[in-house]
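The values are calculated or read from the model by the stated rules, or taken from the named source; none is laboratory data. Only a predicted model underlies this, so the values are computations on that prediction, with no experimental measurement involved. Note that we place each Cβ from the backbone using ideal geometry, even for glycine, and neighbour counts take in every protein chain shown. Accessible surface areas use protein heavy atoms only, side chains included; no ligands, DNA or RNA. Shrake-Rupley method; radii C 1.70, N 1.55, O 1.52, S 1.80 Å.
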Amino acid sequence: MRTVIGLMSGTSMDGIDAALLRTDGIARVEPLAFVTIPYEDGFRAGLRGCLGGKGPVAAVERALTDAHADAARRLLDKAGVAPAAVDLIGFHGHTILHAPDERRTWQIGDGARLAAATGIAVVDDFRSADVAAGGQGAPLVPLFHRALAEDLPRPLGVLNIGGVANVSWIGADGSVVACDTGPGNALVDDWVLRHGAGRYDDGGALAGSGRVDAAALAALLRHPYFDRPAPKSLDRDAFDPAPVAGLAVADGAATLTAFTAESVVRIVPHLPAAPRRWLVCGGGRHNATLMAMLGERLGVPVAAVETVGWDGDALEAQAFGYLAVRSRLGLPLSEPATTGVPVPTTGGRFHPA
């Protein structure tokens, strides 16, 4: 068992999630503490300006790394744990470009700078080895979900709704299939921000007050991504929201929320068997309108992961602490059925303290 920190900056660009846990990197996971540090509006705008690999990437990367160092310190202060008691940090960084079909993925964040700032060894660059080997580089959390779900009824779908949504399908025999299902919160967040209605649709209230435009939804669902089998993955900005451009603000939010829900439905035929139950983590589980749409469309129980005792805000950060240990042990971070990589593949770069 090692004491590790996992750090995650997701595609929603809300802020930094920092989790402290003990794990063997295989089957044992003991959460200890968690904090989330929201980004300031100015930094968030700068980070958004780097998407696609544009803008002042080097300057934003330095600021991002320093913000992660501060998050790690604040986490340890909350937990009352000294840096010397921590074995490793799993540092995901922030994805600014993901084009696996071109063998390209780019997560900014300087692992060596973070190790120097915290005095703790760091593993970063989790996705590159998978993409270089021909995998999609995402999602990487399924093996962690499998460890957590050891005692739960299966087949089980674990749905993470961040900026992009992804599913981990876990079979009765422990087999795992995974992929990005489609948009998560990103399209709705961008729509709400563009119309001056806030930074995101709080609780799904705006979408809940609108009407789903069937023609616009059908146009969005014609994207060829939905015909591809798993495993597969997406860039945050893979979908063009043009079909909702002429809609009222509430109707656009409702239609984009329905697009996220329907994207999950479209993945079910590509899974080995329909999940008996869906557990939802990530910010999307706080959207009551989206959760209701998922329940209606999937036709089986859909609930937040808290119903089985998991922390849906901390889960992804915990996963990268877990994966950092696997990296140091030389164990796979991905498998053919999770990312499409030809053989089980480890990854990550190590930066000593």
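Remarks
- Residues of the stretch 127-139 satisfying the condition of being out of contact with any helix residue (DSSP H, G or I) (no Cβ under 6 Å at 6 or more places or on another chain) and either surrounded by 24 or more Cβ atoms within 10 Å (Cβ to Cβ) or free of Cβ contacts under 8 Å to residues at least 24 places away in the same chain (or both): Arg127, Ala138, Pro139
- Evaluation of Gly52 against (1) closer than 19 Å to Val164 by Cβ; (2) without any contact (Cβ under 8 Å) to a residue 40 or more places away in the chain; (3) part of a loop (DSSP other than H, G, I, E, B) (one fails), failing number: (2)
- Here Val302 clears all of (1) out of contact with any strand residue (DSSP E or B) (no Cβ under 8 Å at 6 or more places or on another chain); (2) under 29 Å from Gly137 (Cα atoms) except the condition numbered (1).
- For the stretch 1-47, filtering for residues that are part of a helix (DSSP H, G or I) and either at pLDDT below 95 or farther than 15 Å from Leu97 by Cβ (or both) leaves 6.
- The stretch 208-232 residues that are at pLDDT 95 or above, paired with ones that are among the small types (Gly, Ala, Ser) and buried (at least 18 other Cβ atoms within 10 Å of the Cβ) (beta carbon under 6 Å, 6 or more apart): Ser209/Ala250; Gly210/Ala250; Gly210/Ala253; Gly210/Ala254; Arg211/Ala254; Val212/Ala254; Val212/Ala258; Leu217/Ala258
- Going through (1) farther than 24 Å from Arg22 by Cα; (2) in contact with a helix residue (DSSP H, G or I) (Cβ under 9 Å, 6 or more places away or on another chain) one by one, Pro336 falls short only on (2).
- Of all residues in the stretch 190-207 being touching a residue at least 12 places away in the same chain (Cβ under 8 Å), closer than 21 Å to Gly246 by Cβ and assigned to a helix (DSSP H, G or I), the one that is most open to solvent (accessible area, probe 1.4 Å): Leu206
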